[in-house]
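Everything below concerns the one structure shown next.
The values are calculated or read from the model by the stated rules, or taken from the named source; none is laboratory data. This one's a predicted model, so the numbers in the text were calculated from it and none came from an experiment. Counting neighbours? That spans all protein chains shown, and the Cβs are built from the backbone with ideal geometry, glycine included. Heads up: the accessible areas ignore ligands, DNA and RNA and are worked out on the full protein's heavy atoms, side chains in. Shrake-Rupley method; radii C 1.70, N 1.55, O 1.52, S 1.80 Å.
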Amino acid sequence: MKDRLLPYWLLIPAFMIVLATTIYPLAYSFITSFRAWDLTKSRRPEGFVGIDNYIYATGESQFLNSLWVTFIFVITSVILTVILAMALALLLRRKGPMHTFTRIILILPFAMSPALIGVSYRFMFNPEFGVIANGLGAVFPALQGVPWLADPQLAMGILVLTDVWHWTPYMTFMCLGGLASIPRETEEAARIDGASNLRIIFGIILPQMRGVILVMAVLKTIFALKMFDQVVTLTGGGPGTSTETLAYFIFNVGFRWFDMGYASALAWILTAIMMFISIWYVRMLLSERKMATA
Amino acid sequence: MAEVRLVDIEKKYGAFLAVPQQSLTIHDGEFLVLLGPSGCGKTTTMRMIAGLEDITSGDIMIKGERVNDKPPKDRDIAMVFQNYGLYPHMTVRQNIEYPLKLRGVDKATRKARVQETAAKVELDALLDRRPSELSGGQRQRVALARAIVRTPSIFLMDEPLSNLDAKLRVTMRAELKHLHHELGVTTVYVTHDQMEAMTLANRVAVMREGRIVQLDTPKKIYAEPADLFVAGFIGSPSMNLIDGVVKGGVFRADGVEIPVPLGDRDGVVLGIRPEEIDITQDAGAPISGKLYALELTGESTLVTLRNGPSSVCARGHADFEAEIDSPCYLAPKDEARIHLFDRASGERLG
């Protein structure tokens, strides 16, 4: 009897930690999302307001703007990262003389802190002393003095660029893993059958990479939906609210305007979006596996 | 004329010499098997013919034309791989159709050719399945169908049966043999299985450490192995190879005294196949020792005799029975079928 209960006793400390750090805050925020709570007025949540916070969100322009910004950011950064990672992996999969060195260099961007990346790019795109801004100005005179981070479109572009730069190495390694699992014979058979290099990539390799690409796209989507650090350190959500992502907007609502009830509701909207994508991803993956093992 | 000529070809990987300089001609319509143990360079040689591997020096001629710089698709070859090399995301039909599609064959012709080819390898009922839904034998048939669908001049087959179970291998072997008879296409076949080589080939090239050590018909290779390596490699069970000396026209080893047409010398290996030995009751027989093992194979019994370091296996009647460790006597059936080799060089003597 004692022996049978022992594993459960041993699990209790870990369970307590998870309860304290994950389950309790989640449950608390969920309950808070149905309450009014102005942190400047009260240290505890105030009365229940039902789904008012959620209804308010559907009509609030700033929330809708942050949703749109996040959508644009996610779509562009996911597409660019996946394409770039796949292209790099195709280039790097053959072992060359600089094989190990290239791979070490490649992992460096991923090893950097996102906040630091934001700061670095902010400096590099400074129109007065930024190395990229000046470099581009020197090569293309028309670009001299362009206020890179003061223009809504350019600021969004640079935000996407920093994210792609940060994530591409990791995704490249995922692609390399996927490519390594493709039997060499399929490619060679296609070569003998008469396929060109492009046809081999698009007709033979990429279809076999479907599962890996799907995992990459979903993981990247979830990470992009949570985009926060670089927004804080690179653009501060600006100019105006042009780069204000949902995560950054939630932060502002909660910790600048101290409307904790509304911020909690927004956080749960973001969670719901991510859960929806995750469920869809698991279902796709399962059907993919079913197809592969049928 | 789909003749393949390898002229002084050589393959190096950095400093490592995988295939030393050699030449080989594969005649039109011939079924040539490259046979040898793992790492002997047979697959590399085939991959060089396919154009999947660059050659370091020499020339590859297909139908009289130098193809060194031609990509695989322009060599008019088709290849069947050990691991099938099927496209997993395509159905059987799409797999077979793919080479035709790449060559711009119109849809109606493609459809007809796929049907015709699938019927030839009995795949008609499986055309809409994916490779993952097929058994090993069926997958290999898809690979064959994909190879024959565009009627290439040369088939290259890289150990196509080695992933199949023993029974299926025998069935597929017969199918391959029949297919070659039907199509008459020049075929180069790589295997490490000497049984496959013997049963399929018009000629066998036995390879060792990148070199072709003997190139001949299966019958000749079996009856007259060029050296000790070939003698030991071909045949199942393999040839008895007994270390000894020749004195006074007699080969001597522990329990073995066999007259041979050779002058006195040390370091001689006598080779004799198990089926060339009789089991006798004669105590004065040339080979004597104690019965070490009896193995019933179904159609015969393998009788192994030991005397000191000498061990001799004979193929006896399926009904043969005797006590282990009892005295046992063997005699060569025909002295002309005895092979002698130099132990140091491995070369055939006499």
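Some points to look at:
- Loop GluC sites (Glu not before Pro), region B:272-337, which have at most 11 other Cβ atoms in a 10 Å radius of their Cβ (DSSP): B:GLU299, B:GLU321, B:GLU323
- Chain B - percent of accessible surface contributed by carbon and sulfur, probe 1.4 Å: 47 percent
- Computed over the protein assembly as shown, the P(r) tail beyond 39 angstrom holds 57 percent of alpha carbon pairs.
- For chain B, the spread of Cα positions along each principal axis, largest first, Å: 77, 46, 33
- Region B:9-136 - Rg (one decimal) and Dmax (whole number), Cα, Å: 17.7, 51
- The label-point distance for A:THR40 and A:ARG103, in a model that sets each label 7 Å from Cα toward Cβ, rounds to 5.5 nm.
- Tensor-based shape of region A:1-109 (alpha-carbon gyration tensor, a/c under 1.5 rounded, otherwise prolate or oblate): oblate
- Legend: residues in region B:69-98 shielded by at least 50 square angstrom of accessible surface upon adding the remaining protein chains to the isolated chain (1.4 Å probe, heavy atoms) are B:LYS73, B:PHE81, B:TYR87, B:HIS89, B:TYR98.
- Placing pseudo-labels 7 Å out from each Cα toward the beta carbon at A:VAL232 and B:LYS290 gives an inter-label distance of 8.6 nm.
- With the gyration tensor restricted to C-alpha atoms of region A:60-148, the semi-axes of the equivalent ellipsoid amount to 29, 23, 14 Å, longest first.
- Karplus (6.51, -1.76, 1.60) ³J(HN,Hα), θ = phi - 60°, over region A:220-231, in Hz, Gly and Pro reported as x: 5, 4, 5, 5, 5, 4, 8, 3, 9, 3, 5, 5
- Annotation for A:ARG256 and A:MET284: the two label points, set 7 Å from Cα along the Cα-Cβ direction, are 3.3 nm apart.
- At q = 0.13, 0.16 Å⁻¹, base-10 log of I(q)/I(0) for chain A (Debye sum, equal scatterers on each alpha carbon): -1.09, -1.28
- Global geometry of region B:297-350, whether rounded, prolate or oblate, following the gyration tensor of its Cα atoms and the 1.5 cut on a/c: prolate
- Cβ-Cβ FRET estimate between A:ILE75 and B:MET195, R0 fixed at 60 Å, reported to 0.05: 0.50
- Stretch gain in nm, segment A:ARG93-A:PHE140, where the contour uses 0.36 nm per residue and the Cα spacing is subtracted: 13.5 nm
- Loop-resident GluC sites (Glu not before Pro) (DSSP state other than H, G, I, E or B) in region B:78-136 with no more than 12 further Cβ atoms inside 10 Å of their Cβ: B:GLU122.
- Here region B:239-349 is treated as a Stokes sphere of Kirkwood radius computed over C-alpha pairs; at 25 °C and 0.890 mPa s its diffusion coefficient rounds to 174 µm²/s.
- Normalised by 2.2 N^0.38 Å, where N is the number of residues, the C-alpha radius of gyration of region B:167-316 stands at 1.24.
- Look at the Cα gyration tensor of region B:1-45: its axes a ≥ b ≥ c give a/c of at least 1.5 with a/b at or below b/c, and that counts as oblate.
- Bins of 10 Å, starting at 0 and running to the largest distance - Cα pair percent for region B:88-128: 32, 57, 10
- Exceeding the 29 Å Cα-Cα cut-off - candidates B:LYS73/B:LYS107; B:LYS11/B:LYS73; A:LYS95/B:LYS63; B:LYS177/B:LYS333; B:LYS167/B:LYS220; A:LYS95/A:LYS226: A:LYS95/B:LYS63; B:LYS177/B:LYS333; A:LYS95/A:LYS226
- Within the shell of other residues whose beta carbon sits under 15 angstrom from the beta carbon of B:VAL33, the net charge comes to +2, with Lys and Arg scored +1 and Asp and Glu -1.
- Per-residue ellipticity at 222 nm from helix content only, as computed over chain B with -39500 (n - 2.57) for each DSSP H run of at least four residues, stands at -7000 deg cm²/dmol.
- The listed residues A:TRP268, A:TRP167, once ranked by accessible area (1.4 Å probe) with the largest placed first, stand as A:TRP268, A:TRP167.
- Kyte-Doolittle at least -1.0, axis length at least 15 Å by Cα - qualifying DSSP helices, chain B: B:92-102, B:136-148, B:166-183
- A Gaussian network model of chain B, with springs between Cα atoms under 10 Å, assigns the largest mean-square fluctuation among B:THR117, B:THR171, B:THR199 to B:THR171.
- A/B buried area, accessible surface, summed, 1.4 Å probe, Å²: 1900 Å²
- Per residue of chain A, the DSSP helices (runs of n ≥ 4 H) give a summed -39500 (n - 2.57) that works out to -22500 deg cm²/dmol at 222 nm.
- Pairwise centroid distance, computed over Cα atoms, of region A:1-25 with region B:80-137, Å: 56 Å
- Around the amide H of B:TYR189, modelled in the peptide plane, lie the amide H atoms of B:LEU32, B:VAL33, B:LEU34, B:MET157, all under 5 Å away and 5 or more residues distant in sequence or on another chain.
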